[in-house]
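Chemist: Attaching a single structure in C-alpha cells format; questions to follow.
The values are calculated or read from the model by the stated rules, or taken from the named source; none is laboratory data. Being a predicted model, the structure only gives us computed values, none of them experimental. Here the Cβ is made from the backbone with ideal geometry for all residues, glycine too, and neighbour counts use every protein chain on show.
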Amino acid sequence: MKVFEHLPHIDFMKYKGIALAVSWGIILLCFLWIHPWKGANSHVKLGMQFTGGIDMMVAFKGDVHQDDLRAALYKGGVQDAGVVYYKDKPGTSMFSIKVKARKGQDEKDSTIQIKQITDALKGMDAVAASDHRMDLNTESVNTMEDHWVQTNPLGLPAGDETALRLAYGPWITKVAKAREQYTPMTSYDQLPQDLPPQLRASLEKNYRLGNLSILKIESFSPSISGEWTWRTLQAVFWAMGAILVYVIFRFTVSFSVGGIVALIHDILMALGLFVFFGFEFSVPVVASFLILMGYSMADTIVVFDRIRENSHKPEYRRVDIVKLVNDSINQTLSRTILTSLSVLFVAFCLLVWGGHALRDLSFPIFVGVITGTYSSIFIAAPVVVYWDHWFGGHDKIKQHAHARS
Amino acid sequence: MTKRSLWRLTVTLLICGACAYFFIPLSQVRLGLDLKGGVHFELEVQGNEALEADLRDTRDRLQDRIREKGCPDAVLKVNQNQLTAVGIPPDQRPDVEKVLKAFYGYDVSWAQTGFTMVQTAAYQKSLKDDANKRALQIIENRINQFGVAEPEITATGSEGNRIVVELPGVGDAERERIKGLLTTPGRLEQRLVAKADPTQGRGFPTREKAMEFFKGKLPDNTELLPEPVSDRELREQGKDPAVHTQGQPEQIRAWVLVEEKVYVDGADINKADPSVDPSTDANQINYTLNKKGADDFATLSGIAADEQRLIAIVLDRKIVSTLSCREKIVGGSVRITGHFTKADTEDFALKLKSGAMRASMKFLEERAMGPSLGADSIHSGVRAALIGFLTIICFMVFYYKWSGVNAIVALTVNIIVMLGLMGSFHAVITLPGIAGFALTIGMAVDANILIFERIREELGNGKSVPGAIQTGFDKVFWTIVDSHVTQLFAAMLLFIFGTGPVKGFAVTLTVGVCASLFTSIYISRFVYDWILERHPGIKTLSI
C-alpha cells in the first residue's frame, strides 16, 4: 500500500505567494483578534503561575450549577474569581476556581483568600444550616483525632493522651485515605471496611457527609510570576538560537532562515489558535510549544535534506531552483505526510482521551504537527527559493551543498 | 548466525537486560506530586534579614567593647544598612580602631566623633550563603522530626536562596502546620523589659497608644514588640481558635517596650522538650542552655532580680512570655509556662531544637494536591497513550506488512530502553511526562517511516533487496540524526529552564529521542540484516 501510486508532480512553488499571504494573513487576523498589546484586557488567558494567584480544584456531590458557585463566592467576598466547570465523573461536579493576585499581595493574603473561598464553598451545602455536626469530608485530620482522643469511643484506659493518640492516629489516617479516594464520600459505607464498629458508630453519629471535597490548592506569589514569564521566553529564544546555528552548520544560511521562518510561523499559528479556542497558558503548555518547535524543525529537515541530496545529482546540475525544490518536495511528500500522521494519531488520542489536564498540553502539538507539515512545504521551501532569487545566483545552493558534502 | 549478527544480538540483549534491570524494581520509579498527591512549597530565604541581624548583633558586641575601652558616651545605631557610632572622642580613636580590627567584613569610614560601618560585598555574600545553608539544614531537621515519609528538600535558584520542599502524601490537614514550621525562623531571644516601660510589663493596648506616650520617639536602644493572644486564651474566652485565628491576622494582646539587646539567644540551647506541669496541668517548655548560655542567663537574671525588672522571652519578634526573677539563676535550666496548647509547645520545642534561622522565609509557590486527582489523571493519561500506541502499531503493520513488524520490534526495544534509562536516572513520572512518553513513541515511529519509505524508493529504482536496505539506511542516517538533534535541543532547554512537572517532561523527551536514535538505526537494521542472512537469495521485501 502506498500514499501515492505514482510519484506526484505538483507545482508547489506556483502557490508560494498565495500560501505565504494566506497563512501570514491568518496569523495576523488571530493576532488582531487577541490584541495582546492591551495587556489584561486581551484574550490571552494566563495561568496562575504567570500572574500569581490561587488555583483550586473542588468537587461537589451531585449537580451544582456554575452560577450558584459564582454567587456563593461573590457573597463570601471573593469577587474576581474565574470559575470553570468540568464534567468528569457522573454524579459529581468538578470546578476549577482561579483568583488572580493583586499587586503586592503576600503569602498572608493568599492564606486569607483560600480560607474565604473554602468557607464560601462549605456554605453552599444546604444541609449545613440545619445539621451542625462536623463535616467528614472537609474536617481537618487533627480536629478529628482530637475529637476521638477526647471522646475515646473505643473505651481505652484514659489518662495517657499520647497512648490514645497512638491508638487513634492510624484509624484517622485510614479514614482520611478513604475520603481522598471518593472525593467526596457519599455514604458511610465507603469508610474502610476494617474500621471497628465503635469508631464507625462515632463517625456516623458526630459527622455529617458534606457535599464538598477539595482536590487541589495552588497558590503562587506574584513576585515569582514575572520570573516564570522571563524563563519561558528565554527557553524559547535559546531553543531557536540553537536550532538556527545547528542548521547553518549542517546546511546553509538560506536553509536556516527558511527553517526558522517556518518555525516562527508554526509557533504563531499554534499560539493564535490556542488562544482563539480559549485554552489557558500554563508551564506545561509552554513545554509543549517547545516540543512543537523541535518537531516542526525535524519535519522541515526531511525536505531540506532531499533538496541538498538532489542538488548533487547530475540531472539537477543545470536545472532551475524552483524545479529542484518542487521535485524534492514531491519525492518526500509521502513520508512527510506519513510521519506527521503517526504523531498526529498520538496527539489526537491525548487531546480526546487524555483528560482535561492533558488537553491544554496536546492542543499546541496537534496544531503544530499539521502546520509543521504544511510550513515545511509552503513556508520553508519558498523562503529558500526567494533567498536564492534575491541573494544568490542560480547555483548558489548547489555550490554550498558541494562545499558541505 | 554469523559472528557479526551474534555480536549485534549480544549488544541488543545486553542493553535490554540492563534496562530491564534498572526498571524492574518498580520502586525506582517515583510518581510526581501531580500524580501521587502531596504538597509542594517553594520558599525564598530573605537574605537581607540575615544582614540586618548581623548588624544588630555587631552593634551589641561592639557597644560593650567600646564602652569598656573608655568611651562611656559612645552610642551605636543601626541605620538601614549601616552602623553609625557617635560620641567617641578623637583621642580614643586609635583604641577603638584596634577593637574594630576584630570585626572583619566591614568597611569603616571615620568622621569627627564617630564612624560608619558598612558590610563589604564579600561579607554580605557569605552571610547570605550562610543563611541559605542554615535555612536548608533547619528545614530538613524540622521536616524529619515532623515525620514525613520521603521528603524531598532541595536548594535551587541562581543565588541558592530558593528552597523547594516536596512532601508526597501529605494531606490538606497537615499542610497548615508544616507551613508554620517552615516559615517561622524559630529565633528565641531573652531580653529585658525596658526600664522606661511605665506599665510594668503589661504593655500598651495598641502601638499608637505607646507611640503617643513616648511622643512619637521611643527611648534609645528599645523597641516595641507585640504579645499575641494565644489559642488557649481564645478557648478560655469561649471562642474556637480554629475559627478565629485561621487566615486572620493574629490578635495582639499588648505591645511591650523591651530593650534591643539580646542577652541569650536560641543558638545556646542544648535541649528543649515540651512537658506538662503536674500541679496546674499547664503546658510548658523546658530547655537547657550550654555553658555560654547559662552564664549569659545568669547575668540576665541577676540584673532582673537586682533591678526588679521583667525578662521577656521573645520568639520570632513576638513576646511569648514575661517572667520575673527573685534571684540570680545559675545552671542554665529554664522552664517557660505560658498560655500554650499542647501542639504549640510541641512545635515550639521542635523549633528550638532544630535551631534558629538567620532569616525568615517567603512563600513563592504552594501547591497541595489530593491523590484522587492524580489517580484520575494517570488513568486517562495512560489510556490515551495506550490508544495512541495501538493505533500506531496497527497502522504500521497495515501499511508496511512484515516491515511494520520490524518497526514494532524497534518500538518495543525503544520502550524498554526508555523505561530503563528513566529508572536509572530515578526520574520522576509526571503527568506531562506521560504525554511526553506517548509523543516520543509517535516520533520514534517517524524514523522508521523515513527508513522504510527510502527503502521503497530504492526498490522502485530497481535496486536489489540487500542493496536497497543498504542505501536506504545510509542515505537516511543524517536526516534522522539532524531531525533528532533539533528535537534534542528543545528537550534540553526544557530541562534547563523547567522545574517540577516540566522537568519530568523534558527527561522523558530527552531519553525518548536518544532511545529512538538507537533503535531506528541499530535495531531495525539488525532485524533486516538477520533476515537477509537467513534468506540469502531473497527477491522481494514485504514493505
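Chemist: Output yes when any residue across region A:273-281 is at positive phi, outside any helix (DSSP H, G or I), assigned by TED's automatic domain parsing to the domain that holds residue A:325 and not aliphatic (A, V, I, L, M), and no when none is.
Modeler: Yes, because at least one residue in region A:273-281 is at positive phi, outside any helix (DSSP H, G or I), assigned by TED's automatic domain parsing to the domain that holds residue A:325 and not aliphatic (A, V, I, L, M).
Chemist: Could you identify the single residue in B:512, B:472, B:423, B:467 that is within 22 Å of residue A:238 (Cα to Cα), part of a helix (DSSP H, G or I), more than 8 Å from every other protein chain (Cβ to nearest Cβ) and small (Gly, Ala, Ser)?
Modeler: None of the other options fit; the residue is B:512.
Chemist: Using the structure shown, decide if residue B:378 is more than 30 Å from residue B:130 (Cα to Cα) and more than 14 Å from chain A (Cβ to nearest Cβ).
Modeler: No.
Chemist: Picking from B:410, B:384, which residue would you name as being out of contact with any Lys or Arg (no Cβ under 9 Å at 6 or more places or on another chain), touching a residue at least 40 places away in the same chain (Cβ under 8 Å), small (Gly, Ala, Ser) and over 30 Å from residue B:33 (Cβ atoms)?
Modeler: B:410
Chemist: Any idea which of (1) assigned to a loop (DSSP other than H, G, I, E, B); (2) under 15 Å from residue A:147 (Cβ atoms) is the one residue A:185 doesn't satisfy?
Modeler: Going through the list (1) assigned to a loop (DSSP other than H, G, I, E, B); (2) under 15 Å from residue A:147 (Cβ atoms), residue A:185 breaks only (2).
Chemist: Part of a strand (DSSP E or B) and surrounded by fewer than 16 Cβ atoms within 10 Å (Cβ to Cβ): which single residue out of B:64, B:107, B:91 fits that description?
Modeler: Criteria check complete, one pass: B:107.
Chemist: Then there is this: Could you go through region B:458-480 and let me know if any residue there is under 19 Å from residue B:396 (Cα atoms), in the same structural domain as residue B:410 (by TED's automatic domain parsing) and among the basic types (Lys, Arg).
Modeler: no
Chemist: Could you tell me which residue of region A:58-102 is nearest to the chain's Cα centre (by Cα), considering only residues that are surrounded by 13 or more Cβ atoms within 10 Å (Cβ to Cβ), without any contact (Cβ under 8 Å) to a residue 40 or more places away in the chain and in a helix (DSSP H, G or I)?
Modeler: Within region A:58-102, the match that is nearest to the chain's Cα centre (by Cα) is A:70.
Chemist: Can you give me the number of residues within region A:221-244 that are touching a Ser or Thr at 6+ places or on another chain (Cβ under 8 Å) and modelled with pLDDT of 85 or more?
Modeler: Residues flagged as touching a Ser or Thr at 6+ places or on another chain (Cβ under 8 Å) and modelled with pLDDT of 85 or more within region A:221-244 amount to 2.
Chemist: Sort through B:497, B:473 and tell me the only one that's at pLDDT 85 or above and not polar (S, T, N, Q).
Modeler: B:473
Chemist: Taking region B:243-265, which residues are outside any loop (DSSP other than H, G, I, E, B), within 32 Å of the chain's Cα centre (by Cα) and either loosely packed, with under 13 Cβ neighbours inside 10 Å or at pLDDT 75 or above (or both)?
Modeler: Passing the criteria: B:243, B:252, B:264, B:265.
Chemist: Right, next: Out of A:298, A:270, report the one residue that is within 24 Å of residue A:241 (Cα to Cα), in a helix (DSSP H, G or I), more than 11 Å from chain B (Cβ to nearest Cβ) and among the small types (Gly, Ala, Ser).
Modeler: A:270
Chemist: Here's something else I'd like to know. Can you tell me how many residues in region B:469-482 are touching a residue at least 60 places away in the same chain (Cβ under 8 Å) and either over 15 Å from residue B:530 (Cα atoms) or within 49 Å of the chain's Cα centre (by Cα) (or both)?
Modeler: Adding up the residues that qualify gives 0.
Chemist: Also, quick follow-up: Select from region A:241-260 the residues that are facing chain B (nearest Cβ under 9 Å) and among the aliphatic types (A, V, I, L, M) and write down the one among them that is surrounded by the most Cβ atoms within 10 Å (Cβ to Cβ).
Modeler: Residue satisfying both the conditions and the ranking: A:243.
Chemist: Being crowded, with 24+ Cβ neighbours inside 10 Å and more than 10 Å from every other protein chain (Cβ to nearest Cβ) narrows it down to one residue among B:369, B:418; which is it?
Modeler: Being crowded, with 24+ Cβ neighbours inside 10 Å and more than 10 Å from every other protein chain (Cβ to nearest Cβ) holds for just one of B:369, B:418, which is B:418.
Chemist: Can you name the condition, by its number, that residue B:543 falls short on among (1) of a type in the set (Val, Ile, Thr); (2) crowded, with 16+ Cβ neighbours inside 10 Å; (3) assigned to a helix (DSSP H, G or I)?
Modeler: If we test residue B:543 against (1) of a type in the set (Val, Ile, Thr); (2) crowded, with 16+ Cβ neighbours inside 10 Å; (3) assigned to a helix (DSSP H, G or I), just (3) comes out false.
Chemist: A follow-up question, please. Go through region A:38-57 and give me each residue that's in a helix (DSSP H, G or I), aliphatic (A, V, I, L, M) and within 14 Å of chain B (Cβ to nearest Cβ).
Modeler: A:48
Chemist: Sticking with this one: Just to check your reading of the model, which residue among A:360, A:388 is in a helix (DSSP H, G or I) and closer than 19 Å to residue A:11 by Cα?
Modeler: A:388
Chemist: Follow-up. I need the full set of residues from region A:306-338 which are among the hydrophobic types (A, V, I, L, M, F, W, C) and out of contact with any Phe, Trp or Tyr (no Cβ under 6 Å at 6 or more places or on another chain), in order please.
Modeler: Let us first name the residues in region A:306-338 that are among the hydrophobic types (A, V, I, L, M, F, W, C), namely A:307, A:319, A:321-322, A:324-325, A:329, A:333, A:337-338.
The answer is A:307, A:319, A:321, A:322, A:325, A:333, A:337, A:338.
Chemist: For region A:344-357, enumerate the residues that are without any contact (Cβ under 8 Å) to a residue 24 or more places away in the chain and either part of a helix (DSSP H, G or I) or more than 7 Å from chain B (Cβ to nearest Cβ) (or both).
Modeler: A:345, A:346, A:347, A:348, A:349, A:350, A:351, A:352, A:353, A:357 - these are the residues of region A:344-357 that are without any contact (Cβ under 8 Å) to a residue 24 or more places away in the chain and either part of a helix (DSSP H, G or I) or more than 7 Å from chain B (Cβ to nearest Cβ) (or both).
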